[in-house]
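Asks: To start, I am sharing the structure in question, which I have written as structure tokens.
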Amino acid sequence: MALILNEEQQLLKESADGFFAEKAPVSQLRTLRDDKVEDCFSRDLWKEMAEMGFAGILVGEDHGGADFGLVGAGLVAEAMGRNLSASPFHASSVMAAALIEAAGNDQQKSSLLPAIAAGELIATLAIDETGTHDPEGSAMKAVASDTGYKLSGMKTFVQEGGAAGHYIVLARTSGERGDRDGLSLFWVDRRAKGLIVDRSVMTDSRNWAKLTFEGVHVDAGALLGDEGKAMDALDPALDKARVVLAAELLGIAQECLDRTVKYLQERKQFGVLIGSFQGLQHRAAQLFSEIEVTRSAILKALQMGDAGGDFRWFASLAKAKACKTAELATNEAIQMHGGIGMTDEFDIGFFIKRARTIQTLYGDYNYHADRFAHCSGY
Amino acid sequence: MSDLEAFRSETRDWLETNCPPLMRTPSTGEADICWGGKTFVFQSDDQKLWLERMGARGWTVPTWPKEYGGGGLSKEEAKILASEMRRIKARSPLVSFGIWMLGPALLKFGTHEQKLEHLPKIARGEIRWCQGYSEPNAGSDLAALATKAEDKGDHYIINGQKVWTSYADKADWIFCLVRTDFEASKHTGISFILFDMDQKGVTTKPILLISGNSPFCETFFDDAIALKSNLVGEENKGWTIAKYLLTHERTGISDMGLPTPLNALAVDKLGTKNGEIADKMLRHQIAEHEIDAAAFMFTLERAKDEAKAGGDMGAFSSMLKGYGTELNKDRHELILKVNGSDAFEWEGQFSNNGEIARNWLRTKANSIEGGTTEVQLNIIAKRILNLPA
Ligand SMILES: Cc1cc2nc3c(=O)[nH]c(=O)nc-3n(C[C@H](O)[C@H](O)[C@H](O)COP(=O)(O)OP(=O)(O)OC[C@H]3O[C@@H](n4cnc5c(N)ncnc54)[C@H](O)[C@@H]3O)c2cc1C
């Protein structure tokens, strides 16, 4: 397969770029923040995204989705990164949809996926328990009973957790913290008795939550996939979500570069445009190079995700590289803007805040560099 | 079976039959490369045979047209040939500046006669070329070159000096930038010309590098003669050709380091603990490097696929050159660390005469030759990012 977009993907890219620039620019995120909108995204926008087919981007046509594949999801995420468009796209349409596809039985798929594709159902994964991403380190307990399971424990850093109607919860049915075996996935209704949802106000002004499970009862049908074997489905689904996050980071990095270059072409000091200073030119050129290199790794990983099979190596490569480049881009963007880059009134700050938050989501640079090394055999 | 699948299986069979055993072992560095040319001494019969067989099929230059000695393959077919060669670990039958730099420029700017004259000899490895660009006072500022060519009717008389001319002492011909108009502005008085190095007016003087090898020279022209039929493009319009050739040179330099093994070497040298390289700090540094290297490898793949789809490489080659060469330098620094003090033996059996140290030192030139990293960043800033002068 050629490492470029095909015609259909090119069209999708153009339509996504246009859509988010028009309907959900950075100013929308600012308004959502300043108005303290509870959801931290616009339900109207989400409806339109569903109509565009974005909400069902990964869902097959038989389940009412657009079936654009991971490359398609990456293009949408990149456009959202450029505009910092807020929506449950990543949590529900990518993470949850991929996981249901990987773990769910036929009945679960046909009841849940169409609702996700239509944007009517917002689901999200509840996985981390500490500040460090470590799926196998999950300790939350799910104790089997005659009628199902009882869940007890804590989950943190749940994206769109405050707005989601349902959670896919990773909990331990057997084994010890650190064991790969013994983890299971459960479909939990937000209204379940004993589930406490605390919205976290986070740096990126988006919707996050901490969940507390005080003996939440779910019936046996809530089990998603095989008991004790969650990691087999979770690994590939998480990898899809990670690569799409990488694409969002790429969008952020590219936008930071573009805005910075524009500023270098406008701002004068010492009687000349600051873009004529070679010290800045070289930094901008280096950032350009890093972004292009990152773009290749991400496109490759997106394609490998669509091709099926084990793509852990590609996914960790893409997420690691995207984290590093987004960090560079957001730092350089502020520095090259000078004082104005530090002001809340100016948009650049929103980019660094979102970037760092999702760099951390589902494994940061170090997590993925380590995993990349393992996958490479060292 | 599709045409491409048929091509793959034919190619596989042909390579199996025709690639000599020794040519399926990894080369150990520059000394192993087949450069071709009138005075080239083959290191083995296998090397000679391999060049002859591949040259006869035009597979030293798979995508060049058949009439000019090439293989006439489509880009898809060439990709298959390359992957089949990789499969059996076949060495490149011929590496040369003719293939890598002059060929593409002649294909684009040469006349039919010039192509017929020069390209087949490049394809068969009969003539070895060198590049006469840099001068003592024209390095990064290449357009400041002052080597003079005087019009004498059917030929030019050339006087001046080139420097850093790689393998000038081993080359048969030179592609050379000369000034044909001293009144015109810097970029508009330059011509691109080809001439024979084997003549009274040309002398070369080798220069020793820090690696202890001497791959390049000072090159002097005292009334050297170049036939006008070997002027490529129009007189005074050589700069466009020079730049086009540089984009090929740069793309070529960018991926030199990728095949050098690093993590396998580290596993071998340092051992593992719980499946991880035992030296934790080095493991981290290697992973960091390999992430960049892998992402860069996919960037080369993407650039090739974009070019195939009709995109223009242009200044993007500067990005590839700058990034790839810095990466290669970093790679060799890591190879030193993995080898520890063993890396520094300079002479002797144990180190194959200082191979690690010499190769490491050689990489320092990667970010200088073909235009320095700083120059590539200038090009990106100006031509891609449109930053002001
Ligand atoms: C191993 C090797 C092989 C070579 N082979 C050939 C060959 O076959 N044929 C040939 O013609 N040439 C060859 N060269 C020459 C090579 O192209 C030049 O060395 C190169 O272009 C740099 O020129 P210079 O050495 O004069 O350095 P200078 O141009 O003097 O540069 C010195 C330093 O100043 C920096 N600098 C210069 N201008 C700028 C600027 N505008 N902005 C920022 N920094 C700047 C450079 O980046 C560098 O760091 C070879 C060089 C090497 C090392």
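Asks: When you check B:Gly340 against the structure, is it in a loop (DSSP other than H, G, I, E, B) and either farther than 19 Å from B:Ser211 by Cβ or within 10 Å of the ligand (Cβ to nearest atom) (or both), yes or no?
Replies: no
Asks: So, one more: Could you tell me which residue of the stretch B:85-102 is farthest from the ligand (Cβ to nearest atom), considering only residues that are open to solvent by less than 30 Å² (accessible area, probe 1.4 Å), in a loop (DSSP other than H, G, I, E, B) and within 12 Å of B:Arg128 (Cα to Cα)?
Replies: If we take residues in the stretch B:85-102 being open to solvent by less than 30 Å² (accessible area, probe 1.4 Å), in a loop (DSSP other than H, G, I, E, B) and within 12 Å of B:Arg128 (Cα to Cα), then B:Leu94 is farthest from the ligand (Cβ to nearest atom).
Asks: Is it true that B:Gly340 is open to solvent by 20 Å² or more (accessible area, probe 1.4 Å) and in the same structural domain as B:Ala264 (by TED's automatic domain parsing)?
Replies: Against the criterion (open to solvent by 20 Å² or more (accessible area, probe 1.4 Å) and in the same structural domain as B:Ala264 (by TED's automatic domain parsing)), B:Gly340 qualifies.
Asks: Here's a follow-up. Of the residues B:Ala105, B:Ala138, B:Ala184, only one is surrounded by fewer than 20 Cβ atoms within 10 Å (Cβ to Cβ), farther than 30 Å from B:Pro20 by Cβ and touching a residue at least 24 places away in the same chain (Cβ under 8 Å); which?
Replies: Matching residue, one of B:Ala105, B:Ala138, B:Ala184: B:Ala184.
Asks: Can you find a residue in the stretch B:302-311 that is within 16 Å of the ligand (Cβ to nearest atom), within 17 Å of the chain's Cα centre (by Cα) and of a type in the set (Lys, Arg)?
Replies: No; the residues of the stretch B:302-311 include none that is within 16 Å of the ligand (Cβ to nearest atom), within 17 Å of the chain's Cα centre (by Cα) and of a type in the set (Lys, Arg).
Asks: So how many residues does the stretch B:51-66 have that are surrounded by fewer than 22 Cβ atoms within 10 Å (Cβ to Cβ) and of a type in the set (S, T, N, Q)?
Replies: The qualifying residues number 1.
Asks: Regarding the stretch B:314-325, can at least one residue be identified that is of a type in the set (Val, Ile, Thr), more than 8 Å from chain A (Cβ to nearest Cβ) and crowded, with 16+ Cβ neighbours inside 10 Å?
Replies: Within the stretch B:314-325, one or more residues are of a type in the set (Val, Ile, Thr), more than 8 Å from chain A (Cβ to nearest Cβ) and crowded, with 16+ Cβ neighbours inside 10 Å.
Asks: B:Thr204: part of a strand (DSSP E or B), closer than 23 Å to B:Val95 by Cα and open to solvent by less than 40 Å² (accessible area, probe 1.4 Å), yes or no? So that I can check it myself, show each step before the final result.
Replies: Details: part of a strand (DSSP E or B): yes; closer than 23 Å to B:Val95 by Cα: yes; open to solvent by less than 40 Å² (accessible area, probe 1.4 Å): no.
Against the criterion (part of a strand (DSSP E or B), closer than 23 Å to B:Val95 by Cα and open to solvent by less than 40 Å² (accessible area, probe 1.4 Å)), B:Thr204 does not qualify.
Asks: Further question on the same structure: Of the numbered conditions (1) closer than 26 Å to B:Leu282 by Cβ; (2) within 13 Å of the ligand (Cβ to nearest atom); (3) open to solvent by 20 Å² or more (accessible area, probe 1.4 Å), B:Thr363 satisfies every one except a single condition; which is it?
Replies: (3)
Asks: Sticking with this one: Can you name every residue in the stretch A:106-127 that is more than 13 Å from A:Phe89 (Cα to Cα) and open to solvent by less than 10 Å² (accessible area, probe 1.4 Å)?
Replies: Of the stretch A:106-127, the ones more than 13 Å from A:Phe89 (Cα to Cα) are A:106-115, A:126-127.
A:Leu113, A:Ala126, A:Ile127, listed by residue number.
Asks: Separate question: Looking at B:Ala78, B:Ala82, B:Ala138, can you tell me which residue is under 29 Å from B:Ser318 (Cβ atoms) and within 16 Å of the ligand (Cβ to nearest atom)?
Replies: B:Ala138
Asks: Follow-up question, since we're still on this one. Here's a check for you: in the stretch B:155-196, which residue that is assigned to a loop (DSSP other than H, G, I, E, B) and away from the ligand (no atom under 16 Å from the Cβ) is nearest to the other protein chains (Cβ to nearest Cβ)?
Replies: Within the stretch B:155-196, the match that is nearest to the other protein chains (Cβ to nearest Cβ) is B:Ser185.
Asks: Further, regarding this structure: List pairs: first residue in the stretch B:330-352 and closer than 19 Å to B:Val267 by Cβ, second residue surrounded by 17 or more Cβ atoms within 10 Å (Cβ to Cβ) and aromatic (Phe, Trp, Tyr) anywhere in the structure, Cβ distance under 8 angstrom, at least six positions apart or on different chains.
Replies: The qualifying pairs are B:His332/B:Trp360; B:Glu333/B:Trp360; B:Ile335/B:Trp360; B:Leu336/B:Trp360; B:Ala343/B:Trp360.
Asks: Can you find a residue in the stretch A:223-244 that is farther than 26 Å from A:Arg371 by Cα, within 28 Å of the chain's Cα centre (by Cα), open to solvent by 60 Å² or more (accessible area, probe 1.4 Å) and of a type outside the set (Gly, Ala, Ser)?
Replies: The answer is no, given that none of the residues of the stretch A:223-244 is farther than 26 Å from A:Arg371 by Cα, within 28 Å of the chain's Cα centre (by Cα), open to solvent by 60 Å² or more (accessible area, probe 1.4 Å) and of a type outside the set (Gly, Ala, Ser).
Asks: Then there is this: Identify, by number, the condition in (1) at pLDDT 95 or above; (2) exposed (fewer than 13 other Cβ atoms within 10 Å of the Cβ); (3) not acidic (Asp, Glu) that B:Thr28 doesn't meet.
Replies: Of (1) at pLDDT 95 or above; (2) exposed (fewer than 13 other Cβ atoms within 10 Å of the Cβ); (3) not acidic (Asp, Glu), only one is false for B:Thr28: (1).
Asks: Regarding the stretch B:285-307, can at least one residue be identified that is open to solvent by less than 50 Å² (accessible area, probe 1.4 Å), more than 7 Å from chain A (Cβ to nearest Cβ) and either part of a loop (DSSP other than H, G, I, E, B) or farther than 25 Å from A:Met304 by Cα (or both)?
Replies: No, the conditions are met nowhere in the stretch B:285-307.
Asks: So B:Gly354 passes all but one of these: (1) within 28 Å of B:Tyr133 (Cα to Cα); (2) touching a Phe, Trp or Tyr at 6+ places or on another chain (Cβ under 8 Å). Which condition number does it fail?
Replies: Looking at each condition in turn, B:Gly354 falls short on (1).
Asks: Find the residue count for the stretch A:256-285, including only residues that are over 10 Å from B:Pro388 (Cβ atoms) and facing chain B (nearest Cβ under 7 Å).
Replies: 4
Asks: Hey, among the residues in the stretch B:141-152 that are assigned to a loop (DSSP other than H, G, I, E, B) and away from the ligand (no atom under 12 Å from the Cβ), which one's nearest to the other protein chains (Cβ to nearest Cβ)?
Replies: B:Ala146
Asks: Give me the pairs: first residue in the stretch B:215-230 and open to solvent by less than 80 Å² (accessible area, probe 1.4 Å), second residue of a type in the set (Lys, Arg), beta-carbon distance under 6 Å, and six or more apart or on different chains, which are they?
Replies: Partner pairs satisfying both residue conditions: B:Cys217/B:Lys205; B:Glu218/B:Lys205; B:Thr219/B:Lys162.
Asks: If you don't mind, another one. Going through the stretch B:103-121 one residue at a time, which ones are within 16 Å of the ligand (Cβ to nearest atom) and either of a type in the set (Ser, Thr, Tyr) or within 20 Å of B:Trp50 (Cβ to Cβ) (or both)?
Replies: The one that is within 16 Å of the ligand (Cβ to nearest atom) and either of a type in the set (Ser, Thr, Tyr) or within 20 Å of B:Trp50 (Cβ to Cβ) (or both): B:Gly103.
Asks: Then there is this: Taking the residues in the stretch A:1-51 that are hydroxyl-bearing (Ser, Thr, Tyr) and open to solvent by 40 Å² or more (accessible area, probe 1.4 Å) as candidates, determine which candidate is farthest from A:Val71 (Cα to Cα). So that I can check it myself, show each step before the final result.
Replies: Applying the first criterion (hydroxyl-bearing (Ser, Thr, Tyr)) to the stretch A:1-51 yields A:15, A:27, A:31, A:42.
Now narrow it down to the ones that are open to solvent by 40 Å² or more (accessible area, probe 1.4 Å): A:15, A:27, A:31.
On the way: A:Ser15: 14, A:Ser27: 27, A:Thr31: 30 Å.
Result: A:Thr31.
The values are calculated or read from the model by the stated rules, or taken from the named source; none is laboratory data. Computed from a prediction, not measured in an experiment: that's the story for all the values here. A quick note on method: Cβ atoms are made from the backbone with ideal geometry, for glycine too, and the neighbour counts reach across all protein chains shown. Protein only, heavy atoms only, side chains kept; ligands, DNA and RNA dropped before computing areas. Shrake-Rupley method; radii C 1.70, N 1.55, O 1.52, S 1.80 Å.
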